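Visitor: Here it is: the structure, laid out below.
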Protein chains: 2
Amino acid sequence: MPTERSNLREPAIGGLAPSQLRLLTKVARMYHEHGMRQPQIAEQLHISQPRVSRLLKQATELGIVRTTVVTPSGVHAELEERIERRFGLRDVVVADPGQPAPGEQSVLQAIGAAGAVYLETTLTGGDRIGISSWSSTLLATVDAMRPRPTPVAERVVQVIGGVGNSTSQVYATRLADRLAILTGAEAVFLPAPGLASSPAAREVLMSDPHISDVLATYGGLSMLLAGLGSLEPSPLLVESGNAIADGEQEALRELGAVGDICLRFFDEKGQAVRSPLDDRVLGIDVETLRSIPRVVAIAGGSRKYTAIRAALRGGWVDVLVTDLGVARRLAAEPDDR
Amino acid sequence: MPTERSNLREPAIGGLAPSQLRLLTKVARMYHEHGMRQPQIAEQLHISQPRVSRLLKQATELGIVRTTVVTPSGVHAELEERIERRFGLRDVVVADPGQPAPGEQSVLQAIGAAGAVYLETTLTGGDRIGISSWSSTLLATVDAMRPRPTPVAERVVQVIGGVGNSTSQVYATRLADRLAILTGAEAVFLPAPGLASSPAAREVLMSDPHISDVLATYGGLSMLLAGLGSLEPSPLLVESGNAIADGEQEALRELGAVGDICLRFFDEKGQAVRSPLDDRVLGIDVETLRSIPRVVAIAGGSRKYTAIRAALRGGWVDVLVTDLGVARRLAAEPDDR
DNA sequence: TTCACTATCGAATAGGTATTCAATGCTCCA
DNA sequence: TGGAGCATTGAATACCTATTCGATAGTGAA
């Protein structure tokens, strides 16, 4: 098959003579269909290995070799990519509750499972994880995780105090505890309410070494696992004794707040909303939060849509785990950047 | 690297959890479509480079990533021209499976890839495409298409209802859906069975506005993408629950039918064969079908030879994408016009 | 013919990927 | 409960591929 003479007039498809095309297809077949290595092909055709490489490249450019990725049904790769691009996220995971109009419970379960898988595959060791507590979404996530015998994280730190009465405070630390057990990490609790009764009370608490020591660890976090709060009443918040009084919620809404991450509120555009509440929150501050390399938000359900969108717009989040419904709406958002 | 597998069904969820599939697809797209290097992907997804390599390998094995070598047009130019002239076609594309005696799977892949290239090069925008569903050939075609950044078609319309059980009905719409996504077009589905249980049932269905609205769009199609059916049992038809009962097939054969396009049957000479079935088919009718400016048939394999020849003789088709074996036989046909 | 320019080629090697290997976890059976 | 056997993992690395770079040949103008 070696060389042909350079024919004068040939139809020339793609700017190339058919003889060239035949060589291209031949090499492409040997490589892609017969699995031959380039040196083998080179030897058989009496050409050099770099030449084979160049021919293959050319064949790909000309579309003679085409590689396609078929998205299996039930996987929403395009959707995820669109959201990643639109909001500049590192990773998006879309969980499919598998029902046309899923209830909150199904959504919770779906994103919980997806979040768990995400953590299981991406926590490989050494991470210092912050976890915002009291979110039923995070609870669902942690519940769906399988215990790892080998430590896959160094430390799990509670970045927000407990909320509400002492019962739910316990519950808040439980989340951090569970995650720590599951990942084999050391757990660091924040033995304090998430919301002090006054700025002064917060100062007092923060001067307690038990607490300040914990706060000092926030700077070294490599990852934050957070739920997103919406300013609609959430079942859990209500249950846990209305951490944020109705009046305060109202005030926040009037300031334009639509949601929060770790009790730091933001408006529709994702801009931080300052409020008197800020000085009573016992937890990670905005600056430290934003300096964490990987902030993973797990949140879904139409009730939280506005909050999720705002969090993405404001760049509060690097990785989002959400449900199909929210994902579709996010993907349909006009690009406002 | 053995490529030979009798993988005749859908994307092949090889007993894997959806979350696994999701990751496979994600990695595959990052690598093959976005051209990212493995270390990059590893970093972004917080997994190790060897893992990325293994995931890619697995994705290839599962058929999520498929690489095909397409015969560039022009290699078989003479053959193509001869068939065009003999049967008065607008265009013929001959795909070379590249093996002396290719199995159905190789033929499928070859003509699928060739069909994909044909579509990619001839769809330039504004087309309203009808697509006949449930054809494994069309599936192979759509699977081999690369996504286009700009929309190249206006609308993709399903011109035949689904066939068989509800599972394969979904599968039928998926084909239209995929094509719509790939071309950036709006998808219009026909939410109905392709074959009603009785003429009366068909009437009822057709009076449903969801369905009649779709039927009304058939008149404006600028192009039809169709498979060709032969009256030999096809693996897919059998699998999807014998849409056409054996007895009916037999009856059709006795009427002289050798094949169909969109469930409209024709005999050896390409003449339409009227049968009781006609009044049960929910899809495009013969007259509308024949008025479509460009009917592209993608079909190959010796099993379908008689049907293909008949379709050409009857002038059902303007463009044919087929395999080398069929092409050679077609070119050797005596001119009987 | 000569010269300048460009295209093409292969040796060397940089770059990227797949595999090996040892460690560890899981499953199943005694 | 213990442990044999199999599966999975990432670090190290062998392997394979793509690119660089200098050499050579073709091309066209003077």
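Visitor: Which cross-chain or sequence-distant (5 or more) residues have an amide H under 5 Å from the amide H of A:Phe265, H modelled 1.01 Å from N in plane?
Guide: So A:Phe265 has HN proximity to A:Val273.
Visitor: Give me the one-decimal nm value for the distance between modelled label points at B:Arg303 and A:Ala200, 7 Å along each residue's Cα-to-Cβ direction.
Guide: 8.6
Visitor: Right, another one. Relative contact order for chain B: what is it in percent, counting Cα pairs under 8 Å that are at least 6 residues apart?
Guide: 18
Visitor: With only alpha-carbon atoms counted, please give the Rg and Dmax of the protein assembly as shown, in Å.
Guide: Cα only, the protein assembly as shown: 30.2, 100 Å (Rg, Dmax).
Visitor: What accessible area, in Å² to the nearest ten, does a 1.4 Å probe give for B:Ile211?
Guide: In the full protein context, B:Ile211 sits at about 0 Å².
Visitor: So in region B:244-331, what percent of DSSP beta bridges are antiparallel if you round to the nearest 5?
Guide: 60
Visitor: A follow-up question, please. Mind ranking A:Phe266, B:Phe189, A:Phe87 by accessible surface for me, highest first, 1.4 Å probe?
Guide: B:Phe189, A:Phe87, A:Phe266
Visitor: What aspartates and glutamates could a cross-link reach from B:Lys304, if we take a straight Cα to Cα line under 15 Å and drop same-chain neighbours fewer than 8 places away?
Guide: Qualifying aspartates and glutamates at Cα under 15 Å: B:Glu104, B:Glu232, B:Asp260, B:Asp267, B:Glu268, B:Asp323.
Visitor: Another question, if that's okay. Run through the other copies and list how far each one's label point is from that of A:Glu78, in nm with one decimal, shortest first; the point sits 7 Å from Cα along Cα-Cβ.
Guide: Label-point separations across copies, in nm and ascending: 4.3.
Visitor: Something else now. Report the semi-axes of the equivalent ellipsoid for chain B in whole Å, largest first, where each axis is √(5λ) for an eigenvalue λ of the Cα gyration tensor.
Guide: The answer is 34, 24, 19 Å, longest axis first.
Visitor: Next question, about the same structure. Plugging the Kirkwood radius over Cα pairs into Stokes-Einstein for region B:14-112, at a temperature of 10 °C and a viscosity of 1.306 mPa s, what D comes out in µm²/s?
Guide: Answer from the Stokes-Einstein relation: 97 µm²/s.
Visitor: Next up: Could you work out [θ]222 nm for chain B from helices alone, using -39500 (n - 2.57) per DSSP H run of at least four and dividing by all its residues? Round to the nearest 500 deg cm²/dmol.
Guide: -13000 deg cm²/dmol
Visitor: Averaged over its residues, how many other protein chain Cβ atoms are within 10 Å of peptide B:24-35's Cβ atoms?
Guide: Averaged over the peptide's residues, the number is 4.
Visitor: Still on this structure: What is the distance, in nm, between label points placed 7 Å from the Cα along the Cα-to-Cβ direction at B:Ser222 and at B:Ala251?
Guide: 4.0
Visitor: So, one more: For B:98-109, what's the mean count of beta carbons from other chains sitting within 10 Å of each residue's beta carbon?
Guide: Mean inter-chain Cβ contacts per residue within 10 Å come to 1.
Visitor: If the cut-off is a Cα-Cα distance under 26 Å, which lysines reach B:Lys57, setting aside same-chain residues fewer than 8 apart in sequence?
Guide: Excluding near neighbours in sequence, the set is A:Lys26, A:Lys57, B:Lys26.
Visitor: Continuing with the same structure: Considering every residue in A:199-209, what mean count of other chain Cβ atoms within 10 Å of its Cβ is obtained?
Guide: Shielding by partners across A:199-209 averages 0.
The values are calculated or read from the model by the stated rules, or taken from the named source; none is laboratory data. Here the structure is a predicted model, which means the values were calculated and not measured. Note that each Cβ is placed from the backbone with ideal geometry, even for glycine, and that neighbours are counted across all protein chains shown. SASA here: full protein model, heavy atoms, side chains in, ligands and nucleic acids out. Shrake-Rupley method; radii C 1.70, N 1.55, O 1.52, S 1.80 Å.
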